[in-house]
1. Based on the mean of other Cβ atoms within 10 Å per residue, sort peptides 16-22, 78-84, 134-140 so the most packed one is first.
2. Quick one: among 149, 59, 106, which has the greatest mean-square fluctuation in a GNM of the chain with alpha-carbon springs under 10 angstrom?
3. What ranking do 115, 55 get, fewest neighbouring Cβ atoms within 10 angstrom at the top?
4. Give the Rg (one decimal place) followed by the Dmax (whole number) of the chain, computed from C-alpha coordinates and expressed in Å.
5. Comparing 160, 193, 103, which has the greatest mean-square fluctuation in the GNM of the chain with Cα pairs linked when under 10 Å apart?
6. How would you rank 204, 29, going from fewest to most other Cβ atoms within 10 Å of each one's own Cβ?
7. How many Å³ per residue does the convex hull of the Cα positions in the stretch 176-222 occupy?
8. With θ set to phi - 60° and the Karplus curve 6.51 cos²θ - 1.76 cosθ + 1.60, what are the ³J(HN,Hα) couplings of the stretch 55-69 in order, to the nearest whole Hz, using x for Gly and Pro?
Amino acid sequence: MGARGNGHNVFAGIRYRPDTRSIVYLQGDYLSRFEKREAKMLGGASFGITRTWSCAAEISVAPGAELYPAAAVWLELGKMAAKSLVMYARVGHWAYLSSSLSALSIAGEYYPARCDCAVISRVTLSTNDFGIDARSTDVGGLVKVIRFIGERSRAFAYGAVGSESYRLETVERTGNLYANTFGAGVDYYPRPALRISPSIEYQDRERGPRFLQCGLEMGILR
């Protein structure tokens, strides 16, 4: 994280899929960054409402946290707009120790014909309230390309620009802070029941610091 040292984020969770269009998950996160150590619990679900409509929601709590939101919730509706296009609309609210943030985003998933890939785009409009008449309204965008390899393996790359353009997980991502973010990774299955997902992300912020984040996620399927 530039001149401000190193940090790490560890998480573990369980995901249950009762059918192909539904998922329920619980997760615990531990963060060490900027000489602070915090924990967070979150849970969420996604399920189909009709053949073309779906709904997803997530809620998280981190009492006493300064980097994580003390509480956060978002709700998303999705619709299959065409055979190869799915559209989403999401609203969310994040309550931090010294500010609160509300966001609206529109996203889409496009699956080109004759190509084993997906193109995901998202535009986010957010308002961050710092109190005492201090408020920031910000816009950001994300484009992510996923290349499917075989039955389950895949590679992905993404780029994001603007404020609140990629993730709303920690407080240093909020506010009128323009940033460029680039990342890539793979999901690889050395065995049918084992998933290994290495990733890397670089973020260059308008007023620093720069972030270089390497990640490794492992999943056991049952």
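1. 134-140, 78-84, 16-22
2. Of the options given, 149 has the highest mean-square fluctuation.
3. Ascending Cβ contact count within 10 Å gives the list 115, 55.
4. Radius of gyration, then largest Cα-Cα span, for the chain: 17.9, 55 Å.
5. Of the options given, 193 has the highest mean-square fluctuation.
6. 204, 29
7. 70
8. Per residue, the Karplus-derived 3J(HN,Hα) values read 9, 9, 8, 8, 9, 9, 9, 8, x, x, 6, 10, 8, 6, x Hz.
Every number here is computed from the coordinates shown, using simple stated rules; none is lab data. Keep in mind it's a predicted model, so treat the numbers as computed, not measured. Cβ coordinates were reconstructed from backbone atoms using ideal geometry, including for glycine residues, and neighbour counts include every protein chain displayed.
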